Each structure stands twice: as C-alpha cells, then as structure tokens.
1. Within segment 501-543, track down each residue that is in a loop (DSSP other than H, G, I, E, B), open to solvent by 50 Å² or more (accessible area, probe 1.4 Å) and touching a residue at least 60 places away in the same chain (Cβ under 8 Å).
2. Looking at (1) open to solvent by 10 Å² or more (accessible area, probe 1.4 Å); (2) basic (K, R); (3) closer than 28 Å to H193 by Cβ; (4) outside any helix (DSSP H, G or I), find the lone condition where R277 falls short.
3. Pairs needed: first member in segment 139-161, more than 17 Å from G562 (Cβ to Cβ); second member anywhere, open to solvent by less than 60 Å² (accessible area, probe 1.4 Å) and of a type in the set (S, T, Y); C-beta distance under 6 Å; at least 6 residues apart or different chains.
4. Among all residue pairs at least 6 apart or on different chains, which show Cβ distances below 6 Å where the first residue, located in segment 37-48, is closer than 10 Å to P84 by Cβ and the second is hydroxyl-bearing (S, T, Y) and open to solvent by less than 20 Å² (accessible area, probe 1.4 Å)?
5. Out of the residues in segment 228-249 that are free of Cβ contacts under 8 Å to residues at least 40 places away in the same chain and more than 30 Å from I128 (Cβ to Cβ), state the one that is least open to solvent (accessible area, probe 1.4 Å).
6. Does D259 satisfy the criteria of being in contact with a Gly (Cβ under 9 Å, 6 or more places away or on another chain) and touching a residue at least 12 places away in the same chain (Cβ under 8 Å)?
7. For segment 346-367, what are the residues that are in contact with a helix residue (DSSP H, G or I) (Cβ under 9 Å, 6 or more places away or on another chain) and open to solvent by 40 Å² or more (accessible area, probe 1.4 Å)?
8. Spot the failing condition for N100; the list is (1) under 32 Å from the mean Cα position of the chain (by Cα); (2) more than 15 Å from V31 (Cβ to Cβ), and only one is missed.
Amino acid sequence: MKNSIFFLIICSFLFVSVSKAQVGKQQTLFVKTQYNQDGTVTLSWPKDEAFDGIYYIYENRAKFKQDYKYIANVTKDANEWNDPTYVNGQIKEYKIEKKNSSNQLVSYDFITAGDEVNRYGFFGSILILVEDTYFDSLSTELDILVNDLKGENWEVTIQPVSRNMTPPQIKQMIKVTNETNKFMLTTLYLIGHVPVPYSGHFSSTGDWFPPDGHTEGSGNHTGAWPADLYYGDLDGIWTDATVTYEASAQERNNNRPGDGKFDQTRLISDVELEIGRVDFFDMPAFAEDELTLLKNYLNRAHLWKTGQLETIDRGLVDDNFKGFIISNTGYKAIGALIGTDSLFDNRDYMTELNDGKYILSYGTGAGSYSSCNGIGTTANFATENINAIFTGIAGSYFGDWDSKNNLLRAALASGALASFWGGIPNWYLHPMSVGESIGYCARYSMNASYASFNGSQRLIHVALMGDPTLRFRPIIPSSELRLTNSVDGILLEWDEVNGDIEGYNLYRVNNETLESVKVNDEILTETSYLDLGCPTGQFYYQLRTTKKVLTASANYYALGVGSASEPIDYITSVAYNTNDGFGIAPNPSSGHFRLQLPKEIISVDKLVIQDLTGRNVLEIDGNFTTQSTINTGLPMGTYMLLANTNKGQFVEKIQVVR
C-alpha cells in the first residue's frame, strides 16, 4: 500500500501542475533576524491573523548536518521570538516550524544568525583532482586557482588523475592525502571527467524510488545514479555485491554485482568532505571544446573570487511546479541571503538571466536530461549566456548529471559558477549568510535528514556542479606585501587598495602547522604595520582585505584573497639562555665588537649574522676567543648573531648604529 500511494504522488510530478497555488512559497516562513543593542537576536516572521496553532523553534547543535534541539514555542498571536542566550559574534542556526491546531506542518524555515562574525584566517585543506588529459593544458589556470586558494589560507594539494582509474582507486588517493596532509581534508574539487562513481538500486521494487519518480514503465530512470558523495564518505563501507538490476533505460544505470557500481541507495554514514565538480565531458551542444569550457569556467571563478565579476544582489524563482513543495529550496535561500524585497518570482528564467544579472536563481519544470520545461534547454544554454552566479534547477532526469548534454552541467558552461538539483532533496544555502562556502552547503545538504520531496533526503545522487570554495559575496584582494628590517621589529608595508573595503587584517602563519594568528587587534586602515611581537619560529605574514558584509539574515567580516611575505626564520634572544656569560661588547656598536665568552666555552668556530627576516648576511669561519675583534662592515640595523661553540649554539641580538 505504501508503494502504490507513493507512486501516485511521484507520477503526478511528471506533468506540469496547473494549480494556481504556490506551495513552495507558501511553505516558506520567511524568517527575519534583528540584532538588538543588548547583544541578543530576535527572530520574526509575517503575521498571520487567520492562523490557529503554534510556532516551534529549534537550534541546530551540529555543523555540516542537522541535529535540532527544541528550545521554545510561541503562540499563534506572536510573530517573533527573542533568543536571550545569543551573544554578539556568535553563529547560531535555527529551524522554525509553523504547525496548526492539528499539529500539521503549515510552513517552516531555516535561518543562520550571526552579528559581526569574524571569519577564520584558515579555511581548510583541499585536494584538487584534475583529469590528466587537461592537466598540462590548464597549467596557467590551475596556477591561478592554487594561488587564490593559498591566498585564502587553504592547505592545497593538486594531483592529475586518469579517467580510466576506478572510483575505489580515486578514493584511495583521497584517503592517503587525508592521512598524510598536515590537516585533515575538508574539501574535494574535481576538475574534468574524473571517474564518476555510480551507486544505488532505484526502482519500484528496489531500495527506493528514483528521486524524479520515473519508475519502470514511466521512463525507467532506475538502477544506479552518479554518486560523487561516495568520495566524501571516508569511513562508510560501500559494497558492490548484492544489487542485480538490468531494467534501466540506459545501460550505464544498470547495476550488477562486481561491475564497479555500488549497492547503496542512501547514505550509510555522514559525508566528511565538501565536494564540487566541474566536468564538461560529452557536451557537443556547445561550440567550444571541453578544454575551452574548462578554461572559461576557471577564469570566471577567479574573477568572482577576486571581486572582479559583477552581479546584482537579487534572486529569481521561476516555479513551473507550483503545486509542489520543490521550489521552497529557492525561496528559503533567497529569503535568508538576499531578502524578499529583492525576490522576483514572476519573471522568465532564461529571458531574465540572459538580459540581466542575478546572484542567485532557481527554476523548476518537467524535465529531460537536457531540458527543463519553462526554464530552458541545453541548446538554449549553449547560445545564450546566463548571468547568475549560483543556480538551482529541478526537474526530471537531469539530476542524473553524467549524461550527454546534461542541463546541470550546461548551466556551468553557460555562465553560472555553481548549479545543483535543488528541491529533490532540499538544498540548504542559509549558512552562506555568515560566509560559509557553497561546498559547505553541499555537504550540509547531503547529510541533511529533514524530510524532502519524494523522500529524497540522504539519497546518493546529491551533487554540486562547480567550485566548492565559492562564497556568496567575495571582496577584492590585497596588494603585494613587502617586508623590511627595522630596529624595533619587522616592518610590513603594502600599497593602498582602491575599492569597497574597510581595511586590512594581518596574519602571522606558521610554516609547518599553517596556524594563523591575527597580528592586529583592530582593522588596519593604514598601509604599514610594525610587528613588535615576533616570536621565535618559521613563519610568513599574510595580508587580507576585509569588509563587513551584510546578508538578509546576518553580517560578517569577509576576507579577500591575501598576499604573503617571504618565509621568515625568526629568532629572538629571549628564546635562548644569554645569562651564562655569552655576549658581545659594545652593543650597540658601529659594527666592531669583541666576544664575551663564559669559561666553559673553549672554542667558537663560526659566526653567522642574520637580518630580521632570517636571511644570512655574513658568515665568518675561524677560531674566535675573547681577544678576537670582529669587524662586520654591516649597515645600520638590528641583527642576530649566531655563534657555533663546543657548548652548542648561542644567539645574541646586536644593533649597528652610526
């Protein structure tokens, strides 16, 4: 009985709804935030005079997934709730459910609150796998990508892979990188036709129905679907032993034991990596070849990350399935990120994105592998550029993205920087309101357990097309960072950046651990900084532009792509024992001095003098004693003297004056 009822529901999905209702919009609560002078936050929603029920508020206790804890409720007469536990700078995620007197869900929303949130100096560890066919040809674009990521303080590993490798071989590379890198991997970026994992038993008689409803006799979009999230599940056990299914409309979807396609239809454990793919294999509708499309995409992504790609802060929803809840993915995202004042849902998707610019767009309609009714076709995308940065599209078939002229991948080739099959299941973009990446949202959506259309939550097909490190509102990068000696410390200088920023942050980054420490307490507005607190160690400095970014529900201090100084091997005398008789006299001096040696030092066979960047400026070999006069000939400045003795190395800070 369950199967037959469910089948009727998904069958209706195959036809364009004639209903006047906008279910996706009606089931979006459109929650707003207000940050109060006492540091708390107030959540509010539109007043519904006819409502007879209760609003329930929950707080998410987890990252990258949903673990909601009930915290409060308000009656039908209220349309706001204040969280007295919220404090300035904190990030909190809420779910609000509107239930009627029969405890039936009327509408709901997810929102991330954050007031004056400071973003981290270190963004994560990323592995970039590039199909080896294009690895050398993309060398310029890949160098720019790596430089951008390092400028955001990512730990970056990039490797070529063959499209002839198996998914388990690729996954083994991922696991090895995760185990050998300084940091655990957080992100996986696939460029080119990196081997595509397939998994699942989608069927009316299998583990679950196809997410788009096309069971046997109704398109046979059954069997195994592409499953990039296999690569991101580092501890789950994926098998290829039990599913035998041979009734798919396409052979690539058939699944047999031992054929390299996995059995699992739902996630067996949470995904640990943020994953995105840019793949233009088998897209003959476009005049450009695969290499050109890859180059074009990587260049556009660079322009976006460095604040050079213009857009307009507005959102578009073109819902051709108004009788279904699917479009609430678009409504919720635009409500949280942009706001309802800049939400347009009475315009045509292709016309608008060809003529104008939108930062976020969303469309639904009956589909094929290369079309979405009321939205457009791959042929349209090939001839008309779309001016949207992030786009979600939902309809039949094209969620199975490893297909010829696939619509999701066509959106990337046409101008979008990220596309996803949103609404089957729900996609959750609200974390971007506090500066999280689209890859973060992809991982969150893969792991999310909240009920979605056709029971599609946590199925294996959820995938992001695009660079997973993209953020909602990037800012312009910093200028070159210059480092010079100073008597009092390390002087850092840079050229003024002309653009919409509030100033600069300066970070000291450990060469080995990549631990990032912000040097300045307040945002820097000048173009120089004297660091008086340099510790002993090997590190480099990184300069980042910063700006307070406002989204509809939160605000945070964004960081631009940074510039780095040369590595420094810095030594301060406080890190060494200089109280046992070792030193020089006079100090300061004109560059001439004598050594002062304790009795236990029999010989000094080498003297090395370094500037404050750790660079050797003078090396003197010999057998030095307290009678030896050292003539350095150094210009005025502060230096470190390293003396190699029979009792080890001694270090003394020296000053040369004129």
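1. E512, T513, E515
2. (1)
3. Going by the 6 Å Cβ cut-off, the qualifying pairs are T157/T177.
4. Sorted first by the residue in segment 37-48, then by its partner, the pairs are T40/Y86; V41/Y86.
5. Of everything passing the filter in segment 228-249, S248 is least open to solvent (accessible area, probe 1.4 Å).
6. The answer is no for D259.
7. The answer is N354, and nothing else.
8. N100 satisfies every listed condition except (1).
The values are calculated or read from the model by the stated rules, or taken from the named source; none is laboratory data. All values derive from a computational prediction rather than experimental measurement. Glycine gets a Cβ as well: all are built from the backbone with ideal geometry, and neighbour counts include every protein chain shown. Calculation scope for accessible area: heavy atoms of the full protein, side chains included, ligands and nucleic acids excluded. Shrake-Rupley method; radii C 1.70, N 1.55, O 1.52, S 1.80 Å.
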